[in-house]
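Asks: This structure is in structure tokens; I'll ask about it shortly.
The values are calculated or read from the model by the stated rules, or taken from the named source; none is laboratory data. The structure displayed is predicted, hence computed values, not measured ones. Neighbour counts run over all protein chains shown; Cβ positions are idealised from the backbone, glycine included.
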Amino acid sequence: MTKRTIYLFLLSFVIFSCKKETKEVSKTIVKTQKNGKKKIADVPATVYKDYTTAPVDFFDDKYKTEGFQFNDGSLSYTFSDENLGSFMVTYIGKSWEFRDYWDIDNSKGFFAELKKNKIDNEDKKIIGDRANQVLKRELDNYNVFVDFYPKEAILDYSNKFGELTLKKDAYRYFYIYENNEWFFVKRLLHSTIERKQIDVFTDVFLSHKLKDIKPITEKFHGKFEAGADGEYTNDGVGHTTYYFTITADKIDLKSIAYRGDFVCEGEYKGIENDDILELYYDREDHRCKYLRPAYMIKKEGDDFFIKGIGGEGTINNWIKMNIGFEE
């Protein structure tokens, strides 16, 4: 069993062999009746029902019978039915604390509790029930997403590899759980998606999260500087200085590093949550995009503090920022 991936069931869900096809009409090869020669015939585009409203309550326990899959701090379960289609429900902790809880090496985490209670971590049903209890209790601390393939998109549910066989004009529907209901976010043509699953979630749901956000309140406006040490290496410890410029509708980050860590410079968007300003990367480098905030800034009295800078020794600490800097 590895640290990064623990599989409680063997089910492939997101690997499909579909060639790219961007037209709304698919093409297939058929034989003529007279001479047996092959010709190309048009196949009408698939007609989909309206799935802008979630077709079911994806949380229903009857969809969790195959257990949970644990992967890098996220959990998911899948369900397939010829009368509905196939979907994956994924939970991602909103903070590092809730993502790290599922790490097998966390001495205070989920698997440590199983070991303490002498529960076999290969027992799919018991582990699934325990995980389900935790997720129901802590639901507010997780982002929950659904990737849904309706029945209209699927040709075969059980090819020899245990994978779905999709139509060339198969669409995927994405939902997020917000304010105690399933909210439709977007539908995408499957053949146009080339990124791996977690990156698809990030692209789709981060855009949704940053849509129509409110202007940043004036108390956070200004220029701020903060520094932190990076990771320990054979060459010593690096140091990075971060420079934030914050206005009502934009945040700009620049940095200067001495053997420092990689910094995603550029524009960020800000969302205020419980008097904390959360910063989300808003450029094109996919290495820098996360559903969780990259940095958080808070004000206490006349002082400002930031969390998320530096290496492992500082990234979870609130570090005081200097107000103002010269460019």
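Asks: Go through segment 98-110 and give me each residue that's closer than 21 Å to D140 by Cα and over 16 Å from the mean Cα position of the chain (by Cα).
Replies: Y101, D103, K108, G109, F110 - these are the residues of segment 98-110 that are closer than 21 Å to D140 by Cα and over 16 Å from the mean Cα position of the chain (by Cα).
Asks: Hey, does segment 91-100 have a residue that's surrounded by fewer than 20 Cβ atoms within 10 Å (Cβ to Cβ), farther than 20 Å from K209 by Cβ and without any contact (Cβ under 8 Å) to a residue 40 or more places away in the chain?
Replies: Scanning segment 91-100, I find at least one residue that is surrounded by fewer than 20 Cβ atoms within 10 Å (Cβ to Cβ), farther than 20 Å from K209 by Cβ and without any contact (Cβ under 8 Å) to a residue 40 or more places away in the chain, so the answer is yes.
Asks: Right, next: Looking at (1) modelled with pLDDT under 90; (2) within 23 Å of M296 (Cα to Cα), can you tell me which one N71 breaks?
Replies: (2)
Asks: For segment 268-327, give me the residue count where each residue is at positive phi and more than 25 Å from the chain's Cα centre (by Cα).
Replies: 2
Asks: Counting only residues that are among the acidic types (D, E) and modelled with pLDDT of 90 or more, which one in segment 158-193 is surrounded by the fewest Cβ atoms within 10 Å (Cβ to Cβ)?
Replies: This residue is E181.
Asks: Then there's this: Taking into account only those residues within segment 73-96 that are of a type in the set (D, E, K, R) and more than 16 Å from the chain's Cα centre (by Cα), which is nearest to Y63 (Cα to Cα)?
Replies: D81
Asks: Only one of (1) touching a strand residue (DSSP E or B) at 6+ places or on another chain (Cβ under 8 Å); (2) closer than 30 Å to V185 by Cβ; (3) surrounded by fewer than 19 Cβ atoms within 10 Å (Cβ to Cβ); (4) not acidic (D, E) is not met by F148, so which one is it?
Replies: Failing condition for F148: (3).
Residues checked against (1) exposed (fewer than 14 other Cβ atoms within 10 Å of the Cβ); (2) of a type in the set (A, V, I, L, M); (3) under 24 Å from V56 (Cβ atoms); (4) in contact with a Ser or Thr (Cβ under 8 Å, 6 or more places away or on another chain):
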{"position": "K116", "(1), (2), (3), (4)": "yes, no, no, no"}
{"position": "I119", "(1), (2), (3), (4)": "no, yes, no, no"}
{"position": "E122", "(1), (2), (3), (4)": "yes, no, no, no"}
{"position": "K136", "(1), (2), (3), (4)": "yes, no, yes, no"}
{"position": "D156", "(1), (2), (3), (4)": "yes, no, yes, yes"}
